[in-house]
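Below is one structure; the comments refer to it alone.
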Amino acid sequence: MKKKTVVDLFCGAGGLSKGFLDAGYNVVLGVDYDESALKTFQNNHGTATAMKLDLYNHDNITCIVDFLKDNNIENLDVLVGGPPCQGFSYAGKMDINDKRNFLYLAMVKLTEKLKPKAVLLENVLAMIEANGGVGAKRVIDDFEKIGYKMVPKVLFAPEYGIPQIRKRVFFVGLKDSENEFEFPNALLDQEHFVTCEEAISDLPSLQTEEGEILRGETVQEYMLPPQSEYQRKMRKDSSQVYNHIGSVPIEKTRKMIALVPEGKNYLALPDEYRGLYKYHEALTRYHSKKPSLTINTGHRSHFHYKWNRIPTVRECARLQSFPDDFLFYGNQSDQFKQVGNAVPPMLGQAIAEQLKKYI
Ligand SMILES: C[S@@+](CC[C@H](N)C(=O)[O-])C[C@H]1O[C@@H](n2cnc3c(N)ncnc32)[C@H](O)[C@@H]1O
């Protein structure tokens with residue numbers, strides 16, 4: 001059977017697209033305006049094209065329509081996208097009129113032009129929770145005007161086998177369907193969530209026996225054979241480790257990190273450190289027997305459950321369910337941003353598999 005076609009707007013590194021690829025879809029195009037994210041997208045999505053466009057400017061949507069025409073794709077199957085969410089995000093200033101909150105309109109415009117069989121839009125929880133859910137209401141109303149009934153649902157990543165506490169809202173709308181989309185059921189209960197240790201214990205420690213933190217090489221050997229089913233899955237197509245460069249803390253910071261016990265945060269620090277660090281989730285050491293906290297785009301204030309350093313890009317990617325053969329490009333801060341911004345590929349895959357029943 002012919003593979004279903006997918007276009008990804010605001011594709012970033014392509015976590016969502018990777019989920020669709022793994023579910024057997026044909027991802028034909030990813031659009032973003034960030035060059036390093038596009039390079040990552042291009043190098044990890046087979047034959048898909050990465051296109052640089054500013055989606056504030058709706059005139060640019062014509063380029064997408066032309067691309068599909070030139071490639072003889074007459075009826076697009078699925079349009080997916082994770083428009084930026086800083087305007088809604090609890091981590092940001094939360095201004096509902098922040099112009100970034102209207103970027104989803106590019107998805108509405110393209111849907112109106114192409115009439116795909118299904119649309120999937122991902123965003124932060126604040127979209128349905130903040131200010132009476134005004135963000136979600138806008139999305140639902142605008143898609144309804146063009147004939148798509150968007151069904152929202154909050155998905156909790158650990159329930160789908162991802163070793164990370166991450167909640168996001170997903171909207172799915174179907175064209176010409178009597179049925180509403182039903183999201184895939186949770187696969188795991190809390191007792192069976194994949195833990196940090198199960199996710200990353202085989203990766204090089206980047207710490208000497210004396211406690212010194214190392215940067216490590218561009219390409220490294222695994223420290224251990226796979227220690228869990230999850231590690232076997234992540235390593236399926238890899239024999240070496242990439243994107244695993246340590247951030248070497250200054251001595252004072254390293255000592256401070258060493259004082260935070262597993263699963264605890266800055267509140268566990270002696271008084272002399274307490275005044276220096278006051279944020280809520282800050283300076284938390286992951287718990288080896290639990291999923292990690294939410295991987296974000298750059299506040300690098302979480303620590304490895306065992307080693308006295310922040311997690312590397314590869315460790316964050318593992319916690320986001322990116323397999324080890326998915327390589328990230330750009331400088332280190334670009335890479336952290338790409339990983340933190342992404343939809344966990346395994347979560348994208350669970351939705352993509354379910355969507356096959358409808359299109
Ligand atoms: C939340 S991320 C999407 C992550 C992606 N869905 C994934 O799974 O990896 C949002 C993306 O929107 C892009 N973006 C922000 N403003 C944009 C604009 N005006 N035009 C195009 N892309 C934009 C950012 O560069 C970022 O990569």
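The values are calculated or read from the model by the stated rules, or taken from the named source; none is laboratory data. The structure presented is a predicted model; accordingly, all values stated were derived computationally and were not measured. Cβ coordinates were reconstructed from backbone atoms using ideal geometry, including for glycine residues, and neighbour counts include every protein chain displayed. Ligands, DNA and RNA are excluded from the accessible area calculation, which covers all protein heavy atoms including side chains. Shrake-Rupley method; radii C 1.70, N 1.55, O 1.52, S 1.80 Å.
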Next item on the list: Would you be able to say whether some residue in region 213-235 is surrounded by 12 or more Cβ atoms within 10 Å (Cβ to Cβ), among the β-branched types (Val, Ile, Thr) and assigned to a loop (DSSP other than H, G, I, E, B)?
Entry: no
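Scan region 243-262 for residues that are assigned to a loop (DSSP other than H, G, I, E, B), open to solvent by 40 Å² or more (accessible area, probe 1.4 Å) and not β-branched (Val, Ile, Thr) and jot them down. It would help to see each step written out before you state the result.
Of region 243-262, the ones assigned to a loop (DSSP other than H, G, I, E, B) are 243-250, 259-262.
From what is left, the residues that are open to solvent by 40 Å² or more (accessible area, probe 1.4 Å) are 248, 250, 259, 261-262.
Listed by number, the residues that qualify are 259, 261, 262.
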Next item on the list: Just need a number here: residues in region 339-359 that are within 9 Å of the ligand (Cβ to nearest atom), under 17 Å from residue 234 (Cβ atoms) and assigned to a helix (DSSP H, G or I).
Entry: 3
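With the requirement that a residue be open to solvent by 10 Å² or more (accessible area, probe 1.4 Å) and under 17 Å from the mean Cα position of the chain (by Cα), what does region 17-32 give you?
Initial filter on region 17-32 (open to solvent by 10 Å² or more (accessible area, probe 1.4 Å)): 18, 21-22, 24, 26, 28, 32.
Listed by number, the residues that qualify are 18, 21, 22, 32.
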Margin query: Between a residue in region 343-356 that is open to solvent by less than 10 Å² (accessible area, probe 1.4 Å) and any residue that is within 12 Å of the ligand (Cβ to nearest atom) and among the aromatic types (Phe, Trp, Tyr), which pairs come within a Cβ distance under 7 Å, given they are 6 or more apart or on different chains?
Written below: 345/322; 348/20; 351/170; 352/20
Notebook entry, point to check: So which residues in region 189-212 are loosely packed, with under 14 Cβ neighbours inside 10 Å and under 24 Å from the mean Cα position of the chain (by Cα), if there are any at all?
Noted result: 189, 190, 191, 192
Next item on the list: Could you please find all residues in region 305-323 being in a loop (DSSP other than H, G, I, E, B) and buried (at least 24 other Cβ atoms within 10 Å of the Cβ)?
Entry: 311, 312, 320, 321, 322
Notebook entry, point to check: Counting only residues that are out of contact with any Lys or Arg (no Cβ under 8 Å at 6 or more places or on another chain) and either more than 16 Å from residue 10 (Cα to Cα) or within 9 Å of the ligand (Cβ to nearest atom) (or both), how many does region 47-58 have?
Noted result: 6
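For (1) touching a residue at least 60 places away in the same chain (Cβ under 8 Å); (2) near the ligand (Cβ under 8 Å from one of its atoms); (3) under 18 Å from residue 106 (Cβ atoms), each residue gets a yes or a no:
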| position | (1), (2), (3) |
| --- | --- |
| 18 | yes, yes, no |
| 21 | no, no, no |
| 29 | no, no, yes |
| 33 | no, yes, yes |
| 36 | yes, no, no |
| 45 | no, no, no |
| 63 | no, no, yes |
| 68 | yes, no, yes |
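What about residue 67, is it over 18 Å from the mean Cα position of the chain (by Cα), open to solvent by less than 60 Å² (accessible area, probe 1.4 Å) and not acidic (Asp, Glu)?
Details: over 18 Å from the mean Cα position of the chain (by Cα): yes; open to solvent by less than 60 Å² (accessible area, probe 1.4 Å): yes; not acidic (Asp, Glu): yes.
Judged against the criteria, residue 67 is a match.
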Next item on the list: Would you mind finding the one in 143, 102 that is of a type in the set (Phe, Trp, Tyr), surrounded by fewer than 22 Cβ atoms within 10 Å (Cβ to Cβ), over 20 Å from residue 342 (Cα atoms) and more than 17 Å from the chain's Cα centre (by Cα)?
Entry: 143
